[in-house]
Amino acid sequence: MRYPALIVNREKVLNNARTVVELCRSHGMDAWGVTKGLSGDIRLAGIFADAGFRGICDSRLRNLRKIKDAGSPLPRQLIRIAMISELRELAVMAEMSLQSDIGTIRELDRICASAGITHEILIMIDVGDLREGFWPTELPEAARELKDLEGGVKLGGVAANFACASGVLPGHDNMARLVEYRDVISGITGVEMPAVSVGGTCCLKVIEDGLVPEGVNVLRLSEGVILGVDTAFDRVIPHLARDALTVTAEIVECRQKPSVPVGDVGYQAFGEKPVFTDRGLRKRAILAIGRQDVSIDRITPLDGDVEIVTASSDHLIVDVTDARAMYKAGDLMSFRPLYPAMLACATSEYVEVIFE
Ligand SMILES: *Cc1c(COP(=O)(O)O)cnc(C)c1O
């Protein structure tokens, strides 16, 4: 095996995915799997299909293209608001998308109509998190604009995000408003618009608590199903594995050094001015992985006696003084990643992503 590696335990992600699909189903909802956290990995899309997810979502067309080319049986949805410059590709790569700009929707409608394609859109509504979406007061006007489309675009429903930009948590009330907004648009356009789609992982809590209002019928998620945690509610998710992913790197040096540097201290490579506490001589290991590959404050060593000290682009330094293992060059050390670390690993071309 080559290192550094991001190792994905297929069975654990599959079990998590099945548990989430079952939970959603028991509350009358469909689950759609978001693959962006692992750069649209086709093996993850395969797990989602096996688990009973109803579709694949990704924020990037490049990822959706990979999944399409791999022959995934599930419909694909672009979940980042599309660039006008990518609409031609969108029409080919995905059956569905989230949309929040009338000009973009018109252009997509024109492109799809002339190509003889029907593309389904969900109208993105901002229920308070202040990322993308129509502001609720704009909806009647927007709905009137959507009445005269050429037939390339079909209104499939509405969608909203929670805890993406501002950390606004989902709950019964803001989800219920989303259903009302759908009814407003549907009333004006005369189109039924059955889908009311919410994301991401933080919505699981509302489902578990039985607080999802009537009408909300789709959940889009990634973090919870892969990592078993919910960052927004700062909780671990019951019944989901939290050890499906491991980051493993190789030690290239291990030796005793002082805990305080020698010389005048300025700013280090990443613009930070470190502060030091004198803890005497400490044994430090250097791993061949760095900030270019992983988010160092979002990984936890599996060896509980190891402490992360700092990192530069290509080196991660850990304190192994208190560890029972006698670490040396050539040994491997593993970490549990959280979402930003998983994302960085999946994006770094220097990290091997292995499904086992
Ligand atoms: C990333 C994303 C999700 C998934 O969120 P998680 O919290 O990772 O589950 C859902 N919807 C949209 C629009 C997203 O951008």
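Structure notes:
- Considering only the chain, percent of DSSP beta bridges that pair antiparallel, nearest 5: 45 percent
- Mean residue ellipticity (222 nm) of the chain, computed from DSSP H runs ≥ 4 via -39,500 (n - 2.57), nearest 500: -8500 deg cm²/dmol
- GNM top mover of VAL191, VAL265, VAL236 - the chain, alpha-carbon springs below 10 Å: VAL265
- For the chain, a simple Cβ point-charge model (Lys and Arg +1, Asp and Glu -1, everything else neutral) yields a dipole of about 780 debye relative to the Cα centre.
- In this structure, the amide hydrogen of GLU253, modeled 1.01 Å from its nitrogen in the peptide plane, lies closer than 5 angstrom to those of ILE286, counting only residues at least 5 positions away or on a different chain.
- Taking the charge dipole of the stretch 3-142 about its Cα centre, with +1 at Lys and Arg Cβ atoms and -1 at Asp and Glu Cβ atoms, the residue from ALA70, GLY52, MET96 reaching farthest to the positive side is ALA70.
- Anisotropy class of the stretch 245-355 from Cα gyration tensor, a/c 1.5 cut: oblate
- The simple Förster model, with R0 at 51 Å and r as the Cβ-Cβ distance, assigns GLU22 and ASP264 a FRET efficiency of 0.25.
- Cβ-based exposure ranking for THR310, THR248, THR201, THR277, in which fewest neighbours within 10 Å come first: THR277, THR310, THR248, THR201
- Computed over neighbours whose Cβ is under 10 Å from that of GLY55, the net charge equals +1, Lys and Arg +1, Asp and Glu -1.
- The simple Förster model, with R0 at 41 Å and r as the Cβ-Cβ distance, assigns GLU214 and ARG62 a FRET efficiency of 0.65.
- Charged neighbours of ARG282, selected by a Cβ distance under 15 Å, balance to -1 (K, R count +1; D, E count -1).
- Cα gyration tensor category, rounded, prolate or oblate, for the stretch 10-236 with a/c compared to 1.5: oblate
- Straightening the chain between GLU272 and ARG43 buys 78.6 nm, computed as 0.36 nm per residue apart minus the Cα-Cα spacing.
- Phi-derived couplings, Karplus 6.51 cos²θ - 1.76 cosθ + 1.60 at θ = phi - 60°, listed residue by residue for the stretch 210-224: x, 9, 6, x, 3, x, 6, 10, 9, 10, 10, 8, 9, 3, x Hz, with x used for Gly and Pro.
- The simple Förster model, with R0 at 25 Å and r as the Cβ-Cβ distance, assigns ARG279 and ASP243 a FRET efficiency of 0.25.
- Sparsely packed loop sites in the stretch 1-93 (the trypsin sites (Lys or Arg not before Pro) outside DSSP H, G, I, E and B with at most 13 other Cβ atoms within 10 Å) comprise ARG2.
- Here's how it looks for ARG220: its modeled amide H is under 5 Å from those of TRP32, VAL198, GLY199, which are all 5 or more places away or on a different chain.
- Mean separation of Cα contacts under 8 Å, 6 or more apart, over the residue count of the stretch 10-236: relative contact order %: 18 percent
- Listed residues VAL262, VAL212, VAL247, most fluctuating in the chain (Gaussian network, C-alpha, under 10 Å): VAL262
- For ARG282, the amide hydrogen comes within under 5 Å of the amide hydrogens of LYS257, SER259, counting only partners 5 or more places away or on other chains and with H modelled in the peptide plane.
- Over all other residues within a Cβ to Cβ distance under 10 Å of PRO136, the charged ones net out to -2, with Lys and Arg as +1 and Asp and Glu as -1.
- Rounded to the nearest 20 debye, the dipole size of the stretch 245-355 about its Cα centre is 280 debye, using +1 on the Cβ of Lys and Arg and -1 on the Cβ of Asp and Glu.
- Loop-located GluC sites (Glu not before Pro) in the stretch 214-286 (DSSP state not H, G, I, E or B) with no more than 16 neighbouring Cβ atoms inside 10 Å: GLU214, GLU272.
- Overall form of the stretch 1-96 per C-alpha gyration tensor (a/c, 1.5; a/b vs b/c): oblate
- Max mean-square fluctuation residue, GNM over the chain, Cα-Cα springs under 10 Å, options ALA176, ALA31, ALA45: ALA176
- Backbone phi angles across the stretch 154-161, fed through the Karplus curve with coefficients 6.51, -1.76 and 1.60 (θ = phi - 60°), yield HN-Hα couplings of 10, 7, x, x, 10, 8, 8, 10 Hz in residue order; Gly and Pro are listed as x.
- Chain lengthening between HIS172 and ILE81 when straightened (0.36 nm per residue, less Cα-Cα): 30.2 nm
No lab work stands behind these numbers, since they all come straight from the coordinates. Worth saying up front: this structure is predicted, and the values here are computed from it rather than measured. A quick note on method: Cβ atoms are made from the backbone with ideal geometry, for glycine too, and the neighbour counts reach across all protein chains shown.
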